[in-house]
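Written below as structure tokens is the structure these notes are about.
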Amino acid sequence: MAPTEQQIINTLEKILSHSLFHSSPKLSSFLRYIVEQTSEGRGDRLKQYTIATELFGKAEDFDPAVDPIVRMQASKLRKSLDAYYQSQPENILVKITLPKGSYQPSFELVDDSLTVPVPIVIEDASPAIAVLPFTCLDNGVAAETLSMVNSFHQELNLALSKFEQLTVLSSLRVDELVRSKPSLSEIKAELNAKYLLSGTSRVVGDKIRLTVTLSETEQGRQVWSERFECVSDESTLYQEQDRLVVLIASKVGSAYGCISLHEYAEVKRGGLTDLDGYQARLCYLEYLTRMTREGLHDIRDLFERLVAGPYASDAQSLAILSQLYCDSFMFGEVTLEQAQEKCSLLVAKALDYAPLNNEVLLAQAWWALLTQKPQRVAGCAERIMQLNPGSTYTLGAAGWLVCLSGNFDFGLNILRQISVREDYYPSWLKLANALNAVKLGDMESALSSIELFYFEGNPLQAILLALIYKVAQQESLAEQHWQEALAILPNASVVAEQLLNTIFLDRELSETLDNARLALVTQFTEI
């Protein structure tokens, strides 16, 4: 009996999370590439030349007789896979091997009595959205322009389907229905869609103007509308389409997009009791905007109840609870060992159910940071970028974790990608810019990065602001934020020391901030 594609993917993700692989990005990329190519039916393409040029970036004149890179990596991979299986990992469904003389992996079901854990399906209130075909308001437009407009809703459908909190209805079903020009109530009755996304286009000079509107079907109210423009140059038309699709999908479907904000407002009006998993995640996202100690207690208790009950096998709930234990460590409420243990158990369980869920990947990145594995943090961030480049918050959180792991170049590059979208995301993510400026000794940039930056009640924010202002010799502001940190956490100095030694993996930056901490401790002791 051959393993299923899901069994192969689950096993791949487990293998890549092992220390044999997360410390070797090139080997991990090689294994992922050949497994994904084979599982997608393209295993016959896996020759030395193809692997070298497509995966390792070799030039078109690559000669395998001269450059043995593929043979060497294949030999290393065989040895690492052997070592992995000799370590007797638990709950492995599939044995992935690379036969000698071949670059196409083989998959063997270890025990056909084992199956992929099947989560209990809970009917959450996650909203369904239908994307209607866009209407071109001009006559006689260029064929390429008309083609781009006509395909816009299909591209948006694809982009929105990457947001796990949305149910996106098939464009085939929607296209079939709209041919009869149904009313809004008929669309709701036929598709059971809570939201409709529609758009119109008009050529204005050398530009194409798109007006995009989101409506809810219950009362027919308009939830959001915005105008977008792109250059109508045929040579760049589809590049412009790609840019706008990511931008619009992010504004509509991301964690802090207009659907989530509209849904949270409804949850809040109905009272924050008897919440399902989708509604609980909305409350989690609200907590992330401020990250107060009281908010942490409430949201952690909520997810503890969910995971202890009907959401025991829900990957997203397990992953969020794992991240809340990371916050608990940052707030000084659990020890590092307790946080590592909780995260390890919760992430391992979440991986069994949905290894490619964005929250699961974020939880993996947090676990890697707590265990000081910077390459694994970067690997999780890269995977998040591949899976859903339109998820503003998830990308931002991944970029923040990469910066904490010491890789500011990569982390800030991720954060720059979301900063141009004009989307909302928690402002504390911007602290990464200030920390990088401190690392570079550019105090002017550090101060400008945190200007007008303040949310009361966030202990991590208060601690970092105090330390940054102290390094920049802004004594009154440093004292003000240190006093706030002490008011929230009487042991703020101990918590700060733990954070700097644990999750700030750039040693030079950590030492600079710790010197500021020691100076504040001395200063407040003398008062």
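Would you tally the residues in the range 69-87 being at pLDDT 90 or above and not in a helix (DSSP H, G or I)?
Going through the range 69-87 one residue at a time, the tally reaches 0.
Tally time: how many residues in the range 307-322 are in a helix (DSSP H, G or I) and surrounded by fewer than 23 Cβ atoms within 10 Å (Cβ to Cβ)?
Going through the range 307-322, the residues in a helix (DSSP H, G or I) turn out to be 307-308, 315-322.
Still in the running and surrounded by fewer than 23 Cβ atoms within 10 Å (Cβ to Cβ): 307-308.
Number satisfying all stated conditions: 2.
Just need a number here: residues in the range 365-390 that are in a helix (DSSP H, G or I) and without any contact (Cβ under 8 Å) to a residue 40 or more places away in the chain. Before the answer, list the steps.
Restricting attention to the range 365-390, the residues satisfying the condition of being in a helix (DSSP H, G or I) are 365-370, 374-387.
Now narrow it down to the ones that are without any contact (Cβ under 8 Å) to a residue 40 or more places away in the chain: 365, 377, 380-386.
Number of matching residues: 9.
Out of the range 146-182, which residues are under 24 Å from the mean Cα position of the chain (by Cα) and aromatic (Phe, Trp, Tyr)?
The one that is under 24 Å from the mean Cα position of the chain (by Cα) and aromatic (Phe, Trp, Tyr): Phe163.
Restrict the check to the range 166-182 and report whether at least one residue is touching a Ser or Thr at 6+ places or on another chain (Cβ under 6 Å), loosely packed, with under 15 Cβ neighbours inside 10 Å and not polar (S, T, N, Q).
There is no residue in the range 166-182 that is touching a Ser or Thr at 6+ places or on another chain (Cβ under 6 Å), loosely packed, with under 15 Cβ neighbours inside 10 Å and not polar (S, T, N, Q).
Taking the condition of being surrounded by fewer than 19 Cβ atoms within 10 Å (Cβ to Cβ) and part of a helix (DSSP H, G or I), how many residues in the range 323-348 meet it?
8
Just to be sure, is Leu467 crowded, with 24+ Cβ neighbours inside 10 Å, within 19 Å of Phe329 (Cβ to Cβ), outside the structural domain of Phe524 (by TED's automatic domain parsing) and among the hydrophobic types (A, V, I, L, M, F, W, C)?
Details: crowded, with 24+ Cβ neighbours inside 10 Å: yes; within 19 Å of Phe329 (Cβ to Cβ): yes; outside the structural domain of Phe524 (by TED's automatic domain parsing): no; among the hydrophobic types (A, V, I, L, M, F, W, C): yes.
When the stated conditions are applied, Leu467 does not pass them.
Which condition from (1) over 18 Å from the mean Cα position of the chain (by Cα); (2) under 17 Å from Glu508 (Cα atoms) is the one that Leu404 breaks?
(1)
Determine whether the range 380-387 contains at least one residue that is under 20 Å from Met330 (Cα atoms) and either out of contact with any Lys or Arg (no Cβ under 6 Å at 6 or more places or on another chain) or among the basic types (Lys, Arg) (or both). Give the steps one after another, and end with the answer.
Residues of the range 380-387 under 20 Å from Met330 (Cα atoms): none.
The answer is no; no qualifying residue exists.
For Leu509, all conditions in the list (1) at pLDDT below 95; (2) within 30 Å of Glu337 (Cβ to Cβ); (3) aliphatic (A, V, I, L, M) hold save one; what is the number of the exception?
(1)
Looking at (1) within 28 Å of Leu296 (Cα to Cα); (2) out of contact with any Gly (no Cβ under 7 Å at 6 or more places or on another chain), find the lone condition where Leu505 falls short.
(2)
Within the set of pairs 6+ apart or on separate chains, which have a first residue in the range 404-426 that is modelled with pLDDT of 90 or more, a second that is in a loop (DSSP other than H, G, I, E, B), and C-beta atoms under 7 Å apart?
Once the first residue is modelled with pLDDT of 90 or more and sits in the range 404-426, its partners that are in a loop (DSSP other than H, G, I, E, B) give Leu404/Ile503; Leu404/Phe504; Leu404/Leu505; Ser405/Leu505; Gly406/Leu505; Gly406/Asp506.
Can you spot a residue in the range 246-260 that is assigned to a helix (DSSP H, G or I), touching a helix residue (DSSP H, G or I) at 6+ places or on another chain (Cβ under 9 Å), more than 30 Å from Leu146 (Cα to Cα) and outside the structural domain of Ser171 (by TED's automatic domain parsing)? Working first, answer last.
In the first step, residues of the range 246-260 are kept if they are assigned to a helix (DSSP H, G or I); the result is 246-253, 258-260.
Now drop any that are not touching a helix residue (DSSP H, G or I) at 6+ places or on another chain (Cβ under 9 Å), which leaves 246, 248-253, 258-260.
Among the residues that remain, those that are also more than 30 Å from Leu146 (Cα to Cα) are: 260.
When the remaining residues are screened for being outside the structural domain of Ser171 (by TED's automatic domain parsing), the result is 260.
Yes; the residues of the range 246-260 include at least one that is assigned to a helix (DSSP H, G or I), touching a helix residue (DSSP H, G or I) at 6+ places or on another chain (Cβ under 9 Å), more than 30 Å from Leu146 (Cα to Cα) and outside the structural domain of Ser171 (by TED's automatic domain parsing).
In the range 392-428, what residues are among the aliphatic types (A, V, I, L, M) and buried (at least 20 other Cβ atoms within 10 Å of the Cβ)? Write out each step before concluding.
Of the residues in the range 392-428, the ones among the aliphatic types (A, V, I, L, M) are 395, 397-398, 401-402, 404, 412, 414-415, 418, 420.
Result: Leu395, Ala397, Ala398, Leu401, Val402, Leu404, Ile414, Leu415, Ile418.
May I ask you to verify whether Asp442 is assigned by TED's automatic domain parsing to the domain that holds Asn515, without any contact (Cβ under 8 Å) to a residue 24 or more places away in the chain and surrounded by fewer than 19 Cβ atoms within 10 Å (Cβ to Cβ)? It would help to see each step written out before you state the result.
Numbers: assigned by TED's automatic domain parsing to the domain that holds Asn515: yes; without any contact (Cβ under 8 Å) to a residue 24 or more places away in the chain: yes; surrounded by fewer than 19 Cβ atoms within 10 Å (Cβ to Cβ): yes.
Considered against the rule, which asks whether it is assigned by TED's automatic domain parsing to the domain that holds Asn515, without any contact (Cβ under 8 Å) to a residue 24 or more places away in the chain and surrounded by fewer than 19 Cβ atoms within 10 Å (Cβ to Cβ), Asp442 comes out as yes.
Tally time: how many residues in the range 261-294 are part of a loop (DSSP other than H, G, I, E, B) and among the acidic types (Asp, Glu)?
Here is the first cut: in the range 261-294, the ones part of a loop (DSSP other than H, G, I, E, B) are 271-276, 291-292.
Add one more test, that the residue is among the acidic types (Asp, Glu), and what stays is 274, 276.
Residues meeting the conditions: 2.
Scan the range 461-511 for residues that are over 25 Å from Trp367 (Cα atoms), polar (S, T, N, Q) and not in a helix (DSSP H, G or I) and jot them down.
Selection gives Gln473, Gln474.
Scan the range 109-156 for residues that are under 23 Å from Thr4 (Cα atoms) and modelled with pLDDT of 90 or more and jot them down. Talk me through it step by step, then tell me what you get.
Start the filter on the range 109-156 by keeping residues that are under 23 Å from Thr4 (Cα atoms), which leaves 109-121.
Passing the criteria: none in range.
Name the one entry in Phe107, Phe30 that is surrounded by 17 or more Cβ atoms within 10 Å (Cβ to Cβ) and over 28 Å from the mean Cα position of the chain (by Cα).
Numbers: Phe30 fails: over 28 Å from the mean Cα position of the chain (by Cα).
When all the criteria are applied, what remains is Phe107.
Looking at the range 134-157 only, could you name the residues that are β-branched (Val, Ile, Thr) and either without any contact (Cβ under 8 Å) to a residue 60 or more places away in the chain or within 14 Å of Glu240 (Cβ to Cβ) (or both)? Break it down into steps so the answer makes sense when it comes.
From the range 134-157, those β-branched (Val, Ile, Thr) are 135, 141, 145, 149; that's our starting set.
Scanning the range 134-157 gives Thr145, Val149.
Inside the range 234-273, can you point out the residues that are among the hydrophobic types (A, V, I, L, M, F, W, C) and surrounded by fewer than 14 Cβ atoms within 10 Å (Cβ to Cβ)? Walk me through it before giving the result.
Initial filter on the range 234-273 (among the hydrophobic types (A, V, I, L, M, F, W, C)): 237, 244-249, 252, 255, 258-259, 261, 265, 267, 272.
Listed by number, the list holds a single entry, Ala265.
Check off (1) in a helix (DSSP H, G or I); (2) in contact with a helix residue (DSSP H, G or I) (Cβ under 7 Å, 6 or more places away or on another chain); (3) among the hydrophobic types (A, V, I, L, M, F, W, C) for Leu356 and give me the number that stays unchecked.
(1)
The values are calculated or read from the model by the stated rules, or taken from the named source; none is laboratory data. Worth saying up front: this structure is predicted, and the values here are computed from it rather than measured. All Cβ positions, even for glycine, are placed from backbone atoms using ideal geometry, and neighbour counts span all protein chains on display.
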